[in-house]
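Colleague: This is the structure I have questions about; it appears just below.
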Amino acid sequence: MYQRGQEVRVAARQHEGHHRTPAYLKGKQGTVTRVHASFLNPETHAYGTDGLPEQALYLVSFAQSDVWPEHHGDAADRLYVDVFEHWLEEA
Amino acid sequence: MHDRGGWLTDARIDRSEHELADWEVLMDSLAGALGQKGVMNVDELRRGIEGMRPNEYETAAYYERWLYSVEAILTEKGVLAPGELDARLET
Amino acid sequence: MSLHDHDHDDRDHDHPHEPLTIVGEPVAAARVRALVDLLVEKGVVGRDDVRQRIDWLVSRSPSDGARLVARSWVDPEFRQRLLADTRAAAFELDLDPGPSPVVIALENTETVHHMVVCTLCSCYPKALLGPPPDWYKDFPYRSRAVSEPRAVLEEFGVHLDADVELRVVDSTADIRYLVIPQRPSGTEALREDELAALVTRDSMIGVAIPAVPSPAAS
């Protein structure tokens, strides 16, 4: 489990099947801002299984300038994305 | 293909409004009913949409993608026989 | 009339019920109706199951979300409850927050502005806002909202000052997000239902600002 305020990195791995981690986030570092409940794992639930065990879901916040280093967005602007536990690593 | 975040595009956002047509409401409601009945779930619906050929995904209307997916998933599960719906439409 | 047209007409007349295809509809429309008929015949779903979903979907409207927002503008304690547990707050007003997905309200302030997108698909708090607009489901918004959100907001006619922190929320999973826009100034004299009328669908997605009623209209 990750805690609110903890720095995390989104796993950079490829995943061929259905999953909920957008490509633009892979390998990016962010901060856990909310710890949601746990939910069925869509990566297995999408293939006719029960989706268990459930995966904890986190709202992770990223600096726009970290996600899109080539852009010159406002420094304070942020992206908030829900990411499942098994896609997060300690940063 | 479905994972659109950050794709470079100059396309402006078409903000024209459209009330859902009867068949669109029906398609949405059928998928909801299939979910409630435990026949197929939303993750499977999305996996089926993501399984469309890219040119089909790009050109299909929103609920045409749902139709494609529901047919594909129900056929995979053996609820529909291959070609069964086509045969019905030809009679 | 050609022979081909005759054939077609005859075929239609074989069906005592409504024709499958209505002029101007995409091919998918007839296909969806045939699919429902087939699945009902097979006993996979009941026609009433589908009808109940239709009734639910067509009864969804952004006016429900607007009631939550307006109450939060006039009742600071309700606002705290809405932010802490949006689902429970919706039940307080006898509103349907939808089935299992959790809905979370996000508060816009003088210094923070939220806007919501679903880059992967079209996740949206349908129960409280009704079906999403087409642009929310189309590719340009899904592509650009995360990477150039200020330009997107400008396209919607919203200019954010540089000292406002913009938070774009990409709803990728089971949570649905509803933006609580700021109450416009100059609305101190309005009743709660008048305030609710100012709260647009787009303002609860975070791509619009509730408009101040013009003096001429009041």
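The values are calculated or read from the model by the stated rules, or taken from the named source; none is laboratory data. Keep in mind that this is a model prediction, so the values were computed, not measured. Ideal geometry is used to build each Cβ from the backbone, glycine not excepted, and the neighbour counts take in all protein chains shown. The area values use the complete protein model at the heavy-atom level, side chains included, leaving out ligands, DNA and RNA. Shrake-Rupley method; radii C 1.70, N 1.55, O 1.52, S 1.80 Å.
Colleague: Given C:166, C:129, which one is under 22 Å from residue B:18 (Cβ atoms), open to solvent by less than 10 Å² (accessible area, probe 1.4 Å) and of a type outside the set (Ser, Thr, Tyr)?
Modeller: None of the other options fit; the residue is C:129.
Colleague: Looking at this structure, is residue C:161 open to solvent by 20 Å² or more (accessible area, probe 1.4 Å), within 19 Å of the chain's Cα centre (by Cα) and within 24 Å of residue A:71 (Cα to Cα)?
Modeller: no
Colleague: Sticking with this one: Looking at region A:57-91 only, could you name the residues that are without any contact (Cβ under 8 Å) to a residue 24 or more places away in the chain and polar (S, T, N, Q)?
Modeller: Once the filter is applied, which keeps residues that are without any contact (Cβ under 8 Å) to a residue 24 or more places away in the chain and polar (S, T, N, Q), region A:57-91 yields A:64, A:65.
Colleague: Among (1) open to solvent by less than 10 Å² (accessible area, probe 1.4 Å); (2) out of contact with any Ser or Thr (no Cβ under 7 Å at 6 or more places or on another chain), where does residue C:154 come up short?
Modeller: That leaves (1) as the condition not met.
Colleague: On to the next question. Inside region A:9-19, can you point out the residues that are within 23 Å of residue B:35 (Cβ to Cβ) and under 15 Å from the mean Cα position of the chain (by Cα)?
Modeller: Across region A:9-19, the qualifying residues are A:18, A:19.
Colleague: Please specify each residue of region A:20-56 satisfying the condition of being within 14 Å of chain B (Cβ to nearest Cβ) and either within 11 Å of the chain's Cα centre (by Cα) or touching a residue at least 60 places away in the same chain (Cβ under 8 Å) (or both).
Modeller: Residues satisfying the conditions are A:20, A:21, A:22, A:23, A:24, A:25, A:26, A:27, A:28.
Every residue, every condition in (1) within 13 Å of another protein chain (Cβ to nearest Cβ); (2) not polar (S, T, N, Q), yes or no:
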site	(1), (2)
C:167	yes, yes
C:171	yes, no
C:175	yes, yes
C:192	no, yes
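Colleague: A further question follows. Please state which one of B:81, B:87 is more than 9 Å from chain C (Cβ to nearest Cβ), assigned to a helix (DSSP H, G or I), open to solvent by 40 Å² or more (accessible area, probe 1.4 Å) and of a type in the set (A, V, I, L, M, F, W, C).
Modeller: Answer to the check: B:87.
Okay, residues lined up against (1) closer than 18 Å to residue C:144 by Cα; (2) crowded, with 18+ Cβ neighbours inside 10 Å; (3) of a type outside the set (Val, Ile, Thr):
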| site | (1), (2), (3) |
| --- | --- |
| A:4 | no, no, yes |
| A:16 | no, no, yes |
| A:23 | yes, no, yes |
| A:34 | no, no, yes |
| A:42 | no, yes, yes |
| A:46 | no, yes, yes |
| A:58 | no, yes, yes |
| A:77 | yes, yes, yes |
| A:81 | yes, yes, no |
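Colleague: When the residues of region B:44-68 are filtered to those that are within 11 Å of chain A (Cβ to nearest Cβ) and in contact with a helix residue (DSSP H, G or I) (Cβ under 7 Å, 6 or more places away or on another chain), which remaining residue is surrounded by the fewest Cβ atoms within 10 Å (Cβ to Cβ)?
Modeller: Of everything passing the filter in region B:44-68, B:51 is surrounded by the fewest Cβ atoms within 10 Å (Cβ to Cβ).
Colleague: Could I ask something else about it? What's the number of the condition residue B:8 fails, among (1) open to solvent by 40 Å² or more (accessible area, probe 1.4 Å); (2) farther than 24 Å from residue C:62 by Cβ; (3) within 7 Å of chain C (Cβ to nearest Cβ)?
Modeller: For residue B:8, the exception is condition (3).
Colleague: Considering only residues that are part of a loop (DSSP other than H, G, I, E, B), over 28 Å from the mean Cα position of the chain (by Cα) and either of a type in the set (Gly, Ala, Ser) or surrounded by 16 or more Cβ atoms within 10 Å (Cβ to Cβ) (or both), which ones fall in region C:23-54?
Modeller: Matches in region C:23-54: C:43, C:44.
Colleague: Okay, next question. If you check B:38, B:48, which single one turns out to be of a type in the set (Gly, Ala, Ser) and in a loop (DSSP other than H, G, I, E, B)?
Modeller: Answer to the check: B:38.
Colleague: Taking region A:60-75, which residues are open to solvent by 60 Å² or more (accessible area, probe 1.4 Å) and under 15 Å from the mean Cα position of the chain (by Cα)?
Modeller: The answer is A:66, and nothing else.
Colleague: What is the one condition in (1) surrounded by fewer than 18 Cβ atoms within 10 Å (Cβ to Cβ); (2) under 24 Å from residue A:38 (Cβ atoms) that residue C:123 does not satisfy?
Modeller: So the condition that residue C:123 fails would be (1).
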